[in-house]
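Undergrad: Pasting a structure here, questions to come.
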Amino acid sequence: MNSGTLKFALFVMRLTLAVFFAQWAVEKFIEPETTVAIWKGFYLVESLPLEASYAIGAVQGLAVLCLLLGLFKFWSYGFFVVIHGIGTILTYERLLDPYTGGNHLFVAAIPVFGALFALFLLRREDTLFALSR
């Protein structure tokens, strides 16, 4: 594989992952009650104020912007590896029982994690349309 093909592939990964995570950031503003329910159900936080959803969305939105622009790669790419990794681990029961209800959709978290991890490892090669080289 030549260098140009690798750089293009990494750009496509970065772009599509940013679109994927942007959805979750936006949701925290348009449906903050969903964030509260998720934190209660998966993170065992009994009473997350609605306003916390906005703060979480703002942090996540800033991280998405850094990911999209290829800024602060160690921190922005690493942020998503850690946050998505924790979220995936906390849904292990649904991953172990994918054929009950809508659990099969949780399996999509696994290849997303793989793409994030690969992008993190190859971050120095991810220079196409990236603002930090």
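Read-outs throughout are calculated quantities, based only on the coordinates presented, and are distinct from any laboratory measurement. Here the structure is a predicted model, which is why all the values come from computation and not from measurement. As a convention, Cβ positions derive from the backbone with ideal geometry for all residues, glycine included, and neighbour counts pool all protein chains shown.
Undergrad: Figure the gain on full extension for residue 86 and residue 5 (residue separation times 0.36 nm, minus the Cα-Cα span) and round it to one decimal in nm.
TA: Extra length from residue 86 to residue 5 when fully extended: 26.0 nm.
Undergrad: Right, something else. What aspartates and glutamates could a cross-link reach from residue 28, if we take a straight Cα to Cα line under 18 Å and drop same-chain neighbours fewer than 8 places away?
TA: Partners within reach: 46, 51.
Undergrad: Can I ask one more? If you stretched the chain out fully between residue 65 and residue 97, how much longer would it get, using 0.36 nm times the residue separation minus the C-alpha to C-alpha distance?
TA: Stretched out fully, the residue 65 to residue 97 stretch lengthens by 8.1 nm.
Undergrad: Let me ask something additional. Tell me which chymotrypsin sites (Phe, Trp or Tyr not before Pro) from the stretch 67-119 have a DSSP coil assignment and no more than 10 other beta carbons within 10 Å of their own.
TA: 99
Undergrad: Let me ask something additional. Under a straight-distance cross-link criterion of Cα-Cα below 15 Å, which aspartates and glutamates are reachable from residue 7, leaving out those fewer than 8 residues away in the same chain?
TA: Result set, ordered by chain and number: 125, 126.
Undergrad: Rg and Dmax of the stretch 77-133 over Cα atoms: what are they, in angstrom?
TA: Cα-based Rg and Dmax for the stretch 77-133 come out at 14.2, 45 Å.
Undergrad: How big is the Cα convex hull of the stretch 3-125 in projection, averaged over all directions, in nm²?
TA: 7.9
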